[in-house]
Amino acid sequence: LILTAMHVHASSQKDAHFVYAAADMAPKYRELATRAHAHGARLVQQLFHYGATGKSEARDDFHPLWGMSAITSSLGETAHAMTEDEIEEVIASFAAAAALAQVCKIPRPKGRGERLYIASPPCLPLDA
């Protein structure tokens, strides 16, 4: 069973989407895994960061979108180009979310299913 994609960092939000809280997700993961495994099913958790997609008005704090560069989103907002420290922070949040899923008996995918992705492609603005 493929679970819906889960935002891994507070800089990744969209209307009606929420960033997970580990204390909230852990018991839910455990219950879901127990029930699925009882029927021989396996679970896969998708993890993602929305990147420079949409508009920052969906964020609780109204901070700008985070992107790999200062590209303009499809809705016309220019993203904040992440610093190296911010990129490392987002990567660490992917690792933390994956670790939580593993601890709760949702195994790490093997082979081609194992991907880290940010919704906006890592590219430079056209006028750079």
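The values are calculated or read from the model by the stated rules, or taken from the named source; none is laboratory data. Computed from a predicted structure; not experimentally measured. Counting neighbours? That spans all protein chains shown, and the Cβs are built from the backbone with ideal geometry, glycine included. Protein only, heavy atoms only, side chains kept; ligands, DNA and RNA dropped before computing areas. Shrake-Rupley method; radii C 1.70, N 1.55, O 1.52, S 1.80 Å.
Quick notes on this structure:
- Residues (within 26 Å of Ala41 (Cα to Cα) and surrounded by 14 or more Cβ atoms within 10 Å (Cβ to Cβ)) located in the range 1-13: Leu3, Ala5, Met6, His7, Val8
- Condition met for Ser74 (of a type in the set (Gly, Ala, Ser), part of a loop (DSSP other than H, G, I, E, B) and open to solvent by 20 Å² or more (accessible area, probe 1.4 Å)): yes
- Any hit, the range 40-49, residues being free of Cβ contacts under 8 Å to residues at least 40 places away in the same chain and among the small types (Gly, Ala, Ser): yes
- Residues located in the range 1-24, provided they are more than 12 Å from the chain's Cα centre (by Cα) and at pLDDT 85 or above: Leu1, Ile2, Leu3, Ala21, Ala22, Ala23, Asp24
- Of residues in the range 38-49 being in a loop (DSSP other than H, G, I, E, B) and open to solvent by 70 Å² or more (accessible area, probe 1.4 Å), the one nearest to Ala81 (Cα to Cα): Arg42
Listed here are the residues, each with its yes/no results for (1) part of a loop (DSSP other than H, G, I, E, B); (2) of a type outside the set (Phe, Trp, Tyr); (3) touching a residue at least 60 places away in the same chain (Cβ under 8 Å); (4) surrounded by 14 or more Cβ atoms within 10 Å (Cβ to Cβ).
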residue	(1), (2), (3), (4)
Asp15	yes, yes, no, no
Met25	no, yes, yes, yes
Lys28	no, yes, no, no
Gly51	yes, yes, yes, yes
Gly54	yes, yes, no, yes
Ile87	no, yes, no, yes
Ala97	no, yes, yes, yes
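- Single condition Asp60 does not satisfy, out of (1) at pLDDT 85 or above; (2) closer than 29 Å to Gln102 by Cβ; (3) open to solvent by 40 Å² or more (accessible area, probe 1.4 Å): (1)
- Residues within the range 46-62 that are of a type in the set (Phe, Trp, Tyr) and at negative phi, tallied: 2
- Some residue of the range 103-124 being charged (D, E, K, R) and at pLDDT 85 or above: no
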